[in-house]
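No value in this document is a laboratory result; all are computed from the given coordinates. Remember, predicted model here, so these are calculated numbers, not experimental data. So basically every Cβ, Gly included, is an ideal-geometry build from the backbone, and we count neighbours across all protein chains shown.
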């Protein structure tokens, strides 16, 4: 007999800004659909619609160069990571990912960053900030390995 409560099962924490970052995470559906999961993204009409029926934790936005929201998202990350058993954090960025990746890694939770498909010649700021805290760096193009020699090429998600 299984006495696990819903909050006891480890979940994948899928973290990403809305728009293209979220679209790339959604493209991973064949991989994540068999796992319990929780999403962290912005509470936009598009994100809410795309994630209907999924567990959603709304993050604070905007995040680009917005220190107050970075701090708010750090508090949010701390709460989520403290209250849930997280199997891994998977993200495509952007700024909302930073506090979740850093705090997850400090708690011993595996962290996976997937660099976005449209940044081939230069790394994203979020990837540079998260890189020291990653368990795995994944890229979508072989050319992206010039910036991330340790990365695994997974091919394009979209």
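Quick one: what does P(r) look like for segment 103-150 with 10 Å bins over all Cα pairs, in whole %?
The percentages, shortest bin first, are 27, 54, 17, 1.
For residue 153 and residue 141 in one chain, what is 0.36 nm times their gap in residues minus the Cα-Cα distance, to one decimal in nm?
3.7 nm
Between 0 and 90 degrees, rounded to the nearest ten: what's the tilt of helix 67-83 against the longest Cα principal axis of the chain?
It is inclined by approximately 50 degrees.
Run the quick spin-label model on residue 66 and residue 28: label points 7 Å from Cα toward the beta carbon, then report their separation in nm to one decimal.
Output for this residue pair reads 2.3 nm.
Could you work out the relative contact order of the chain, using alpha carbon pairs under 8 angstrom and six or more residues apart, expressed as a whole percent?
For the chain, the relative contact order is 22 percent.
Can you put 152, 111 in order, fewest other beta carbons within 10 Å first?
152, 111
Between the alpha-carbon centers of segment 65-105 and segment 140-158, tell me the distance in whole angstrom.
Between the Cα centre of segment 65-105 and that of segment 140-158, the gap is 24 Å.
On the Cα set of segment 38-82, report Rg and Dmax in Å, please.
For segment 38-82, the Cα-based Rg and Dmax read 11.1, 31 Å.
For segment 4-76, treating each Cα as an identical point scatterer without solvent, what Debye log10 I(q)/I(0) comes out at q = 0.14, 0.18, 0.19, 0.25 1/Å?
-0.47, -0.75, -0.82, -1.20
Determine, for 135, 17, 49, the number of other Cβ atoms within 10 Å of each Cβ, and report the residues in order from fewest to most. Write out the running numbers ahead of the final one.
Values: 135 14, 17 26, 49 8.
By the 10 Å Cβ count, ascending, the order reads 49, 135, 17.
Suppose R0 equals 22 Å. What FRET efficiency, 1/(1 + (r/R0)^6) with r the Cβ-Cβ distance, do residue 75 and residue 38 give to the nearest 0.05?
0.85
Once every Cα of the chain carries one equal point scatterer and solvent is ignored, give the base-10 log of I(q)/I(0) from the Debye formula at q = 0.13, 0.14, 0.15, 0.21 Å⁻¹, two decimals.
So the normalised log intensities are -0.56, -0.66, -0.76, -1.48.
Per the Debye formula with a single identical scatterer at each Cα and no solvent contribution, what log10 I(q)/I(0) holds for segment 56-110 at q = 0.15 Å⁻¹?
-0.37
Compute the angle between helix 97-106 and the longest alpha-carbon principal axis of the chain, please, reported from 0 to 90 degrees and rounded to the nearest 10.
It works out to around 70 degrees.
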